[in-house]
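Q: Just dropping this structure here.
The values are calculated or read from the model by the stated rules, or taken from the named source; none is laboratory data. All of these numbers come straight from a predicted model, not from anything done at the bench. Here the Cβ positions follow ideal geometry from the backbone for every residue, glycine too, while neighbour counts run over all protein chains shown.
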Amino acid sequence: MSLPRHVRLVEVGPRDGLQNEKQPISVVDKVRLVDDLSAAGLGYIEVGSFVSPKWVPQMAGSAEVFAGIAQRPGVTYAALAPNLQGLQAALDVGVREVAVFAAASEAFSQRNINCSIAESLKRFEPLMDAARQHGVQVRGYVSCVLGCPYEGAIAAEQVAAVAGELRAMGCYEVSLGDTIGVGTASAVRRLFEVVGRQVPHDRLAGHFHDTYGQALANIYASLLEGIAVFDSSVAGLGGCPYARGATGNVASEDVLYLLQGLGIETGVDLPRLIEAGQRISRVLGRESASRVARAWFQAGHQ
């Protein structure tokens, strides 16, 4: 199969990237990050999460962040909203797209949200109905698609069943997440082959963590399967709390460099993206996790 000519990058740094950070991050710094990402040309940015601050303290200021950002025409500013209360909070600040999440692993579902996969999907029904009534699009995430910290290997057929349910409920797109970063290229190709029987390939996305250093290889494998949407996180923000030494989300800069090298269009400006990553890394008091950003500055670019 020929590679896609255009890829849509879904920037998850402001939400999935920052939510695990222990140090407080101000609303001002979060707004600046989102605005920097918009300026770099990203067309889809996951800005925040409308969940209980008790569970995810770092996302407590999401409404203020949405109110503060300079929204650009044509850019989707999305939020995670796992229940009806979260959807209402998102609607209150004008959010037009939300995301919901389920797991492909029963053990992970029980440990993470204290219910079975079937129960978690059932909980989404009132949210999906309300989203339809308000004209809000819903994107679905499936976690642990290539491995679970509690169950080990996960069957591709199980992932397909969950993805198919989300699609049937009304999710316009389903992102398959390698939550602990254990996937390899051959497993990724088989995963998309199997899930593609339930959900069309043009309605699937890849979300890869780089724990074992395989994220870019897995993205290339996904491209060979016709996948043209990928989640990534500027500066590689976001560790995985379930795997020791996990480096978290693949860095947006590294994904963009790969895609540019393949001649695939994204509409994203690499120097401006690197700059955005450097700025938030300074706020966090550490070096960017992006290999491309490090090499960029070592080569003398400013």
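Q: Only one residue in Arg96, Arg111, Arg123 is closer than 23 Å to Arg8 by Cβ and in contact (Cβ under 8 Å) with a residue 24 or more places away in the chain. Which one?
A: After applying the criteria, what remains is Arg96.
Q: Considering the stretch 31-54 alone, what residues qualify as being in contact with an Asp or Glu (Cβ under 7 Å, 6 or more places away or on another chain) and assigned to a strand (DSSP E or B)?
A: Result: Tyr44, Ile45, Glu46.
Q: For the stretch 221-234, enumerate the residues that are buried (at least 18 other Cβ atoms within 10 Å of the Cβ), assigned to a helix (DSSP H, G or I) and either on the phi > 0 side of the Ramachandran plot or of a type in the set (A, V, I, L, M, F, W, C) (or both). Reasoning before the result, please.
A: As a first pass, look at the stretch 221-234 and keep what is buried (at least 18 other Cβ atoms within 10 Å of the Cβ): 221-223, 225, 227-234.
Applying the additional criterion that residues be assigned to a helix (DSSP H, G or I) yields 221-223, 234.
Answer for the stretch 221-234, where residues must be buried (at least 18 other Cβ atoms within 10 Å of the Cβ), assigned to a helix (DSSP H, G or I) and either on the phi > 0 side of the Ramachandran plot or of a type in the set (A, V, I, L, M, F, W, C) (or both): Ala221, Leu223, Val234.
Q: Now for a separate question. Return the pairs, sorted by first residue and then second, in which the second residue is in a strand (DSSP E or B) and of a type in the set (A, V, I, L, M), the first residue lies in the stretch 128-157 and is on the phi > 0 side of the Ramachandran plot, the beta carbons are less than 8 Å apart, and the residues are 6+ apart or on different chains.
A: Going by the 8 Å Cβ cut-off, the qualifying pairs are Cys144/Ala103.
Q: Evaluate the stretch 145-165: report whether one residue or more is among the polar types (S, T, N, Q) and closer than 30 Å to Val75 by Cα.
A: Start the filter on the stretch 145-165 by keeping residues that are among the polar types (S, T, N, Q), which leaves 158.
Narrowing the set further to residues that are closer than 30 Å to Val75 by Cα leaves none.
No: zero hits.
Q: Select from the stretch 81-93 the residues that are more than 12 Å from His134 (Cβ to Cβ) and surrounded by fewer than 22 Cβ atoms within 10 Å (Cβ to Cβ) and list them in ascending order. Talk me through it step by step, then tell me what you get.
A: Keep residues of the stretch 81-93 that are more than 12 Å from His134 (Cβ to Cβ), which gives 82-83, 85-86, 89, 93.
Hits for the stretch 81-93 are Asn83, Gln85, Gly86, Ala89, Val93.
Q: Next up: Scan the stretch 134-153 for residues that are within 20 Å of the chain's Cα centre (by Cα) and farther than 27 Å from Gly94 by Cβ and jot them down.
A: First, the residues of the stretch 134-153 that are within 20 Å of the chain's Cα centre (by Cα): 136-149.
Within the stretch 134-153, Val142, Ser143, Cys144, Val145, Leu146, Gly147, Cys148, Pro149 qualify.
Q: Given the conditions (1) touching a strand residue (DSSP E or B) at 6+ places or on another chain (Cβ under 8 Å); (2) part of a helix (DSSP H, G or I); (3) under 21 Å from Ile154 (Cβ atoms), which single one is not true for Ala293?
A: Only one criterion in (1) touching a strand residue (DSSP E or B) at 6+ places or on another chain (Cβ under 8 Å); (2) part of a helix (DSSP H, G or I); (3) under 21 Å from Ile154 (Cβ atoms) is unmet by Ala293, namely (3).
Q: Something else: Quick check, is Val28 outside any loop (DSSP other than H, G, I, E, B), surrounded by fewer than 20 Cβ atoms within 10 Å (Cβ to Cβ) and β-branched (Val, Ile, Thr)? I'd like the intermediate steps shown before the answer.
A: Numbers: outside any loop (DSSP other than H, G, I, E, B): yes; surrounded by fewer than 20 Cβ atoms within 10 Å (Cβ to Cβ): yes; β-branched (Val, Ile, Thr): yes.
In short, yes.
Q: Further question on the same structure: Say we look at the stretch 151-180 and pick out the residues that are at pLDDT below 95 and among the hydrophobic types (A, V, I, L, M, F, W, C); which of these is surrounded by the fewest Cβ atoms within 10 Å (Cβ to Cβ)?
A: Ranking the qualifying residues of the stretch 151-180, first place goes to Ala153.
Q: Could I ask something else about it? Take the residues of the stretch 218-234 that are hydroxyl-bearing (Ser, Thr, Tyr) and within 14 Å of the chain's Cα centre (by Cα): which is farthest from Gly277 (Cα to Cα)?
A: Per the stated criteria, the residue is Ser232.
Q: I'd like the full set of residues that are closer than 20 Å to Leu42 by Cα, outside any strand (DSSP E or B) and among the hydrophobic types (A, V, I, L, M, F, W, C), limited to the stretch 65-115. Reasoning before the result, please.
A: Just the residues of the stretch 65-115 that are closer than 20 Å to Leu42 by Cα, to begin with: 65-80, 94-99.
Cutting the leftovers down to outside any strand (DSSP E or B) gives us 65-75, 94-96.
The answer is Val65, Phe66, Ala67, Ile69, Ala70, Val75, Val95.
Q: Quick check on my filter: what residues within the stretch 251-274 are among the acidic types (Asp, Glu) and in contact with a helix residue (DSSP H, G or I) (Cβ under 7 Å, 6 or more places away or on another chain)? Before the answer, list the steps.
A: So in the stretch 251-274, the residues among the acidic types (Asp, Glu) come out as 253-254, 265, 269.
Residues satisfying the conditions are Glu253, Asp254.
Q: Inspect the stretch 59-80 for any residue being over 30 Å from Thr266 (Cα atoms), surrounded by fewer than 18 Cβ atoms within 10 Å (Cβ to Cβ) and not hydrophobic (A, V, I, L, M, F, W, C) and give the result as yes or no.
A: Checked the stretch 59-80: no residue is over 30 Å from Thr266 (Cα atoms), surrounded by fewer than 18 Cβ atoms within 10 Å (Cβ to Cβ) and not hydrophobic (A, V, I, L, M, F, W, C).
Q: Out of everything in the stretch 181-204 that is surrounded by fewer than 21 Cβ atoms within 10 Å (Cβ to Cβ) and either hydrophobic (A, V, I, L, M, F, W, C) or without any contact (Cβ under 8 Å) to a residue 12 or more places away in the chain (or both), what residue ends up being farthest from Ile154 (Cα to Cα)?
A: Initially, the stretch 181-204 is screened for residues surrounded by fewer than 21 Cβ atoms within 10 Å (Cβ to Cβ), giving 184-187, 189-190, 193-194, 196-198, 200-203.
Narrowing the set further to residues that are either hydrophobic (A, V, I, L, M, F, W, C) or without any contact (Cβ under 8 Å) to a residue 12 or more places away in the chain (or both) leaves 185, 187, 194, 200.
Working: Ala185: 15, Ala187: 11, Val194: 13, Pro200: 21 Å.
That would be Pro200.
Q: Ok, one more. Going by the conditions given, is Ala103 in contact with a Ser or Thr (Cβ under 7 Å, 6 or more places away or on another chain), more than 23 Å from Val7 (Cα to Cα), buried (at least 22 other Cβ atoms within 10 Å of the Cβ) and touching a residue at least 40 places away in the same chain (Cβ under 8 Å)?
A: Values: in contact with a Ser or Thr (Cβ under 7 Å, 6 or more places away or on another chain): yes; more than 23 Å from Val7 (Cα to Cα): yes; buried (at least 22 other Cβ atoms within 10 Å of the Cβ): yes; touching a residue at least 40 places away in the same chain (Cβ under 8 Å): yes.
Taking the combined requirement at face value, the residue satisfies it.
Q: A follow-up question, please. Looking at the stretch 245-268 only, could you name the residues that are modelled with pLDDT of 95 or more and under 16 Å from Gly13 (Cβ atoms)?
A: Initially, the stretch 245-268 is screened for residues modelled with pLDDT of 95 or more, giving 250-268.
Of everything in the stretch 245-268, those that are modelled with pLDDT of 95 or more and under 16 Å from Gly13 (Cβ atoms) turn out to be Val250, Ala251, Ser252, Glu253, Asp254, Val255, Leu256, Thr266, Val268.
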